[in-house]
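The values are calculated or read from the model by the stated rules, or taken from the named source; none is laboratory data. All of these numbers come straight from a predicted model, not from anything done at the bench. Here the Cβ is made from the backbone with ideal geometry for all residues, glycine too, and neighbour counts use every protein chain on show. These area figures cover heavy atoms from the full protein model, side chains too; ligands, DNA and RNA do not enter into them. Shrake-Rupley method; radii C 1.70, N 1.55, O 1.52, S 1.80 Å.
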Amino acid sequence: MKIRIVIGIIFLIFSFVFATNVISPIGKTKTVNLDVDGKKYTYWICEPGESLYYDIIGSGSVKIYLRTESGATANVKISLDGRKIKTVNVDKQISKKAQTKTMKNITKAKKITVKIPRKKHRLTISTDKKILLRTVKSKNIKYYSYVPQKHSGGMVLVSRETEYGYYKSIESHPVQCEIIGDGTITVYSRFLYSNGMMGNQHYSVSVSIDAGRPTIYEFETRQSSTAFFRTDNDIIPSKAGKIKIVIPEGNHKVTISPTNSNQIAVRILIPSSMLKRK
């Protein structure tokens with residue numbers, strides 16, 4: 001029991017990913033529905049001489065999608081806390097996929113990214129021509145590399161001068177870990193090429209939670225040209241396959257293994273929100 005607790009809280013490295021959500025300007029604003037290749041999106045209307053205001057809590061970034069009517073170049077000013085940070089011209093080509101009743105010949109979206117520091121900030125967008133805009137906030141989420149309680153051996157993978165911890169999994173001795181949900185974890189798998197193996201390879205990864213029915217993930221892969229195992233020179237890793245696994249609330253045992261005699265290496269990333277001790 002002591003060994004499991006110690007291993008369960010060892011985390012090697014972390015990385016960032018982004019969770020996104022659409023944000024609305026404050027106050028009364030006008031919206032339109034935009035049809036883009038059969039999908040519906042809400043855009044906000046900003047008229048000449050008007051400004052749209054957003055109160056945003058950092059850290060992270062905001063992506064702004066700007067559209068106008070073809071032939072009308074819009075000069076858009078973007079400010080943060082009253083200080084102008086960007087001035088952009090929106091004069092893209094006509095979009096063949098986007099349609100709305102508000103404008104004819106609507107342009108393709110011009111995408112602008114604004115970094116938002118920590119704490120609360122006010123984002124202001126103004127224009128000299130009528131535009132449609134959509135604002136999406138990305139929040140930094142910290143992910144940690146997780147060491148499973150059971151595996152067939154640790155491996156150090158080097159890719160572009162960065163080291164990553166991987167764990168070998170075979171059918172008779174799979175990777176197993178105890179994880180407290182709820183949340184979504186990310187699993188990277190790599191097929192292990194032995195001496196003499198060449199070309200594309202097909203492999204399957206079985207993922208089961210507790211005693212539930214396993215889910216099988218299929219991958220077609222080839223040898224990685226940028227990665228190698230520092231501790232296992234006779235094994236060549238494939239390119240990585242990515243799996244997202246939803247973990248329900250509570251304590252669960254997750255088993256990750258190949259479906260046949262092939263060997264794979266596995267790396268598990270867990271979001272910071274799931275770092276809980278027993």
task: Rank by packing, highest mean first: peptides 117-126, 262-271, with packing defined as the count of other Cβ atoms within 10 Å averaged across residues.
output: 262-271, 117-126
field: the range 32-169, relative contact order [Cα under 8 Å, separation at least 6], %
entry: 33
message: Restricting to DSSP H runs of at least four residues, report the calculated mean residue ellipticity at 222 nm for the chain, -39500 (n - 2.57) per run over all residues, nearest 500 deg cm²/dmol.
response: -500 deg cm²/dmol
- line: If unit charges are put on Cβ atoms (+1 for Lys and Arg, -1 for Asp and Glu) and the dipole of the range 131-187 is taken about its Cα centre, the option from P174, T135, V187 lying farthest towards the positive end turns out to be T135
message: Only Cα pairs within less than 10 Å get springs; with that Gaussian network setup on the chain, which residue of T107, T29, T221 has the largest fluctuation?
response: T29
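Relative contact order of the chain: what whole-number percent is it, with Cα pairs under 8 angstrom and at least 6 residues apart?
That works out to 21 percent.
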task: Could you tell me what percent of the accessible area of the range 161-278 is made up of carbon and sulfur, with a 1.4 Å probe and every protein chain present?
output: 46
query: Looking at the range 151-245, which trypsin sites (Lys or Arg not before Pro) are in a loop (DSSP not H, G, I, E or B) and have at most 12 other Cβ atoms within 10 Å?
result: R160, R230
Residue-normalised accessible area of the chain, given per residue in Å² at a 1.4 Å probe: 56
